[in-house]
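Trainee: One structure coming up, written as C-alpha cells, with questions to follow.
FYI, it's all coordinate maths here, none of it is from the lab. All values reported here derive from a predicted model rather than from experimental measurement. Cβ sites come from the backbone with ideal geometry, for glycine too, and all protein chains shown count toward neighbours.
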C-alpha cells in the first residue's frame, strides 16, 4: 500500500526530481495531457476538467497519508497536487503551442507566488491543504490564459 501511495503522491516519482520538483511534476502532467488529447481527440476543456478531478481524487487519497509517513506537512516531493492544478489551467487552453506554454508558465507563477486565498488554503491540514492552493493557482492561471487568448487571438493559432 505504501508503494502505491508514494507512486501516486509523487506524481509517478517526478516529485523526486532533484531541482524544482513541482515544476517537474507540472511538466510531466502537461506532457501526459498533451498525449491524452492527441490520442483521444477530446477537447482541452474535457481533458483538463476530467484530469483535474482524477488528479484531485488521487491527491486526496495519497498525499496526506504519504506526508504523514515521511513526517512532513507538505513535502516538496508530493506533486500530484501540481498535476491537478495544471490540469485546471489547461482546461482553459486553446491547445496551441503558445497557449500550452503560457498555461505552464502561468500555473507555475501562481503556484509559487500563492496569491490570496491560495496562501491561506495551504494552511489547511492534510491533503486538503496540499491540494487546494494548487487548484486555486490553476484557476488563476486559467483565467489569465483565457483573457489573453480572448484579447490576443494570435495565441489560438
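Trainee: Go through the stretch 56-71 and report how many residues are over 14 Å from residue 5 (Cβ atoms) and out of contact with any helix residue (DSSP H, G or I) (no Cβ under 7 Å at 6 or more places or on another chain).
Mentor: The qualifying residues number 1.
Trainee: Considering only the stretch 53-100, how many residues are in contact (Cβ under 8 Å) with a residue 60 or more places away in the chain and buried (at least 24 other Cβ atoms within 10 Å of the Cβ)?
Mentor: The total comes to 10.
This table checks each residue for (1) in a loop (DSSP other than H, G, I, E, B); (2) more than 16 Å from the chain's Cα centre (by Cα); (3) closer than 17 Å to residue 122 by Cβ.
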site	(1), (2), (3)
4	no, yes, no
28	no, no, no
54	no, no, no
72	yes, yes, yes
78	yes, no, yes
84	no, no, yes
